[in-house]
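Each value in this text was obtained by applying a stated rule to the coordinates, not by laboratory testing. Quick caveat, the model's predicted, so the values are computed rather than measured. Because the Cβ atoms are built from the backbone with ideal geometry, glycine has one as well, and the counts that use them run over all protein chains shown.
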Amino acid sequence: KQVLDLDDASLLTGLSKSRLYALTSQGKIPHHKSPEGRNLYFSRDELNAWMLSRHFEGETNIEAQAKQYCFKKKII
């Protein structure tokens, strides 16, 4: 399914329904409301992008980037 209801979004993200409600009310998670405004809907693609939006490099990759930066700037 591409369009998820609250239950589906909870399963996909691993977040509780109450946490999802809080995030939607704070505008921190992409969501859509039904025309009458009673139901929340989520796009699977938008949720996946939201979950992957904060990328952190692993320690090994950070060290390699630092060495490369120093080499380019002739700091070493």
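Split the chain at each of the GluC sites (Glu not before Pro) in a DSSP loop with at most 11 other beta carbon atoms within 10 Å, and the longest piece is 1-35. The gain in end-to-end length when the V3 to R38 segment is fully stretched comes to 11.0 nm, 0.36 nm per residue minus the alpha carbon separation. Classified by the C-alpha gyration tensor, the chain has a prolate form. Its axis ratio a/c, with a ≥ b ≥ c, is 1.5 or above, and a/b is larger than b/c.
Taking the Cα centre of the chain as reference, the dipole from Cβ charges on Lys and Arg (+1) and Asp and Glu (-1) amounts to some 400 debye.
Spin-label model, Q68/L11: points 7 Å from Cα along the beta carbon direction are separated by 4.0 nm. Shown for the chain: lysine pairs separated by 8 or more places, or found on different chains, whose C-alpha atoms are under 29 Å apart, numbering 5.
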